[in-house]
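Quick notes on the structure that follows.
The values are calculated or read from the model by the stated rules, or taken from the named source; none is laboratory data. Quantities reported herein were computed from a predicted structural model and do not represent experimental measurements. Every residue, glycine as well, gets a Cβ built from its backbone with ideal geometry; the counts of neighbours run over all protein chains shown. Only protein heavy atoms, including side chains, enter the accessible area calculation; ligands, DNA and RNA are left aside. Shrake-Rupley method; radii C 1.70, N 1.55, O 1.52, S 1.80 Å.
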Protein chains: 2
Amino acid sequence: VQNFDALATELQTTWHREIPLAAALAIEVVTCAPHEISVRAPIAANRNLHGTVFAGSLYSVCVLTGWGMAWLALRQRDLAGSIVIAHSQIRYRKAVADDFLCTCRATADAQESSLEKFATEGRATVPLVCTIELEGRTAVTFEGDYVVRGHKPAG
Amino acid sequence: VQNFDALATELQTTWHREIPLAAALAIEVVTCAPHEISVRAPIAANRNLHGTVFAGSLYSVCVLTGWGMAWLALRQRDLAGSIVIAHSQIRYRKAVADDFLCTCRATADAQESSLEKFATEGRATVPLVCTIELEGRTAVTFEGDYVVRGHKPAG
């Protein structure tokens, strides 16, 4: 049985230590579970000139949340690999005027087949969706294609 | 004749003052011309755990550069309006391992017809493309749809 609290702490610590912008976003990992991760950020550090959350902050939290889901999927299977985003799109449906929570839920089957491909071929694309909900309505929808690459064995 | 140096200074000052994340990105407006704007950011403030530039930083600089182009287009015509991004997509073609420059070039005709619509209807969508080039090759392509809305007159 894996300790998801420890994984949440490791993920958050890594982000804050290695990515200055993640520290500026003031993000916090709230949920870390086999098929779900959620990340919170405060409006104060992320406001724009309209008094709502800056579009770049919303995107950055989404792209990290999806990355975290892929990282967690590898960790759960004891796989090592580097994860990079290749392409994404984001739709801003409602302005976000408060602290917010970004959630990524992986469908077990899709994740399993991507990671099987990664395990055999050393490379796979993992498509992930993140959303930011406000008062029961979707404010932001993000779709990202993450590429997972294995570390080639020496020789 | 408009003073584009003064507009560049105003744009950069507004970003740094009103958007904490723009200050964290350490962006600098480099070019401000009738149909072109370019924005620079350093890798140091924007690195990720691979030692390259964080995907969220690349996106944030693109979304601001496009916003700046729309802002500049309004200013050049003495129009007032609020500009928000509605939808965007970004493709990461190459990792960015150095300080980088993001450029947005507006096609005069497309911009003119959008702003004519805005002037008559009080609302228009302005599609803009931003790119980040490295050593003559395109590292990042960003396409954003910005919505420009007029301030309704009182009464």
- Item | Number of positions in region B:18-55 that are within 12 Å of chain A (Cβ to nearest Cβ) and over 12 Å from the mean Cα position of the chain (by Cα) | 23
- Message: Going residue by residue through region B:106-124, is there one that turns out to be at pLDDT below 95, within 15 Å of the chain's Cα centre (by Cα) and surrounded by 17 or more Cβ atoms within 10 Å (Cβ to Cβ)?
- Response: yes
- Message: Take B:PRO34 and tell me if it is of a type outside the set (A, V, I, L, M, F, W, C) and touching an Asp or Glu at 6+ places or on another chain (Cβ under 7 Å).
- Response: no
- Message: Could you check region B:6-55 and list, in sequence order, the residues that are open to solvent by 50 Å² or more (accessible area, probe 1.4 Å) and polar (S, T, N, Q)?
- Response: B:THR9, B:GLN12, B:THR13
- Query: What residue, of A:SER88, A:SER82, is in contact with a Lys or Arg (Cβ under 6 Å, 6 or more places away or on another chain), within 13 Å of chain B (Cβ to nearest Cβ) and small (Gly, Ala, Ser)?
  - Reply: A:SER82
- Message: Would you confirm, using the coordinates I've provided, whether B:ILE85 is under 12 Å from the mean Cα position of the chain (by Cα) and closer than 22 Å to A:GLU143 by Cβ?
- Response: yes
- The condition of being under 14 Å from the mean Cα position of the chain (by Cα) and farther than 16 Å from A:GLY144 by Cα holds, among A:LEU79, A:LEU74, only for A:LEU74
- Matching option when the condition is open to solvent by less than 10 Å² (accessible area, probe 1.4 Å), within 13 Å of another protein chain (Cβ to nearest Cβ) and within 27 Å of A:PHE4 (Cα to Cα), among A:LEU74, A:LEU58: A:LEU58
- region B:125-155, subset under 17 Å from B:ARG40 (Cβ atoms) and of a type in the set (Asp, Glu), residue modelled with the lowest pLDDT: B:GLU135
